[in-house]
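**Student:** The structure is given below, and queries will be raised subsequently.
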Amino acid sequence: MPKWLIIAGLVLVALGLVLQFAPWLVSWFGRLPGDINIQSESSRVFIPITSMILISLVLTVLINLFQR
């Protein structure tokens with residue numbers, strides 16, 4: 001369990017660095033067809049349905065590859 005927590009922490013740090021210093025690599029997130037973005041004068045609602053499905057599929061494939 002500690003090994004997985006360390007790996008998860010390192011992955012989160014790497015993802016944070018990519019988002020901070022290379023935002024053009026993830027500029028597609030939230031702009032896919034199927035992502036809901038509702039804006040009004042006083043509020044904003046953002047529901048990235050398609051982006052989350054895509055990320056879920058990628059993570060599922062990666063986890064299955066590493067488990068075998």
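Values in this text are rule-based calculations from the coordinates and carry no lab data. Not measured: the values here are computed from a predicted model. Counting neighbours? That spans all protein chains shown, and the Cβs are built from the backbone with ideal geometry, glycine included.
**Student:** Please tell me if residue 55 is surrounded by 10 or more Cβ atoms within 10 Å (Cβ to Cβ), outside any loop (DSSP other than H, G, I, E, B), at negative phi and over 14 Å from the mean Cα position of the chain (by Cα).
**Tutor:** Values: surrounded by 10 or more Cβ atoms within 10 Å (Cβ to Cβ): yes; outside any loop (DSSP other than H, G, I, E, B): yes; at negative phi: yes; over 14 Å from the mean Cα position of the chain (by Cα): no.
No: the conditions fail for residue 55.
**Student:** Another question, if that's okay. So for region 37-51 (the condition being in contact (Cβ under 8 Å) with a residue 12 or more places away in the chain and touching a Ser or Thr at 6+ places or on another chain (Cβ under 7 Å)), does at least one residue qualify?
**Tutor:** Narrowing region 37-51 to residues in contact (Cβ under 8 Å) with a residue 12 or more places away in the chain: 46-51.
Now narrow it down to the ones that are touching a Ser or Thr at 6+ places or on another chain (Cβ under 7 Å): none.
No, that holds for no residue.
**Student:** Six or more apart or on different chains, Cβ under 6 Å: which pairs go from a residue in region 3-30 that's under 19 Å from residue 50 (Cα atoms) to one that's of a type in the set (Gly, Ala, Ser)? Could you list them?
**Tutor:** These pairs meet every condition: 29/51; 30/51.
**Student:** Could I ask something else about it? Scan region 1-44 for residues that are in contact with a helix residue (DSSP H, G or I) (Cβ under 7 Å, 6 or more places away or on another chain), in a loop (DSSP other than H, G, I, E, B) and of a type in the set (A, V, I, L, M, F, W, C) and jot them down.
**Tutor:** So the first thing to find is which residues in region 1-44 are in contact with a helix residue (DSSP H, G or I) (Cβ under 7 Å, 6 or more places away or on another chain), and the list is 18-19, 25-26, 29-30, 32-36.
From what is left, the residues that are in a loop (DSSP other than H, G, I, E, B) are 29-30, 32-35.
Answer for region 1-44, where residues must be in contact with a helix residue (DSSP H, G or I) (Cβ under 7 Å, 6 or more places away or on another chain), in a loop (DSSP other than H, G, I, E, B) and of a type in the set (A, V, I, L, M, F, W, C): 29, 32.
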